[in-house]
Amino acid sequence: QVQLVESGGGLVQAGGSLRLSCAASGLTLSNYAMGWFRQAPGKEREFVMAITRNADRTYYADSVKGRFTISRDNTKNTVYLQMNNLKPEDTAAYYCAADPTGYGNRQNADAHWGQGAQVTVSS
């Protein structure tokens, strides 16, 4: 049974930092491109960052450029999202996705999803 569990969310002031983790079980992470997505209340889920299977390339949304970093440790079956200089508009539920066929930057129908971690940034 495939399971993705996000952790590390919370409440932080604007300008602060958080690191999200996505721990995977039931799959071999190195076989998947990994992506982070987020969904704010009343909005559609949107792409944040992605990383290829061997971490040779990353993708990012313009809104997080220079502030967020994605990384992975395939030996630990874990993907990370380091978020710095957080802004109130970053407030959302953050989801990780394991993409077996793409680059992790699209919401593929065959991807596995976590349950989400809430990030709230106060002004």
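Annotations
- Loop-located GluC sites (Glu not before Pro) in the stretch 17-105 (DSSP state other than H, G, I, E, B) with a sparse environment of at most 12 neighbouring Cβ atoms within 10 Å: GLU44.
- Residue among VAL79, VAL12, VAL48 with the largest mean-square fluctuation in a Gaussian network model of the chain, springs linking Cα atoms under 10 Å: VAL12
- Taking the chain as a Gaussian network of alpha-carbon nodes connected by springs under 10 Å, the highest mean-square fluctuation of the residues ASP110, ASP62, ASP99 belongs to ASP62.
- Sites listed here are trypsin sites (Lys or Arg not before Pro) in the stretch 25-123 whose DSSP assignment is loop and whose Cβ has at most 11 other Cβ atoms within 10 Å: LYS43, LYS65.
- On the basis of the beta-carbon distance and an R0 of 30 Å, GLU89 and GLN1 show a calculated FRET efficiency of 0.25.
- Residue among MET83, MET49, MET34 with the largest mean-square fluctuation in a Gaussian network model of the chain, springs linking Cα atoms under 10 Å: MET83
Every read-out reported here was derived from the displayed coordinates using simple, explicitly stated rules and does not represent laboratory data. A quick note: this is a predicted structure, and the numbers were derived from the prediction, not measured. With ideal geometry, Cβ positions are generated from the backbone for all residues, glycine too; neighbour counts draw on all protein chains shown.
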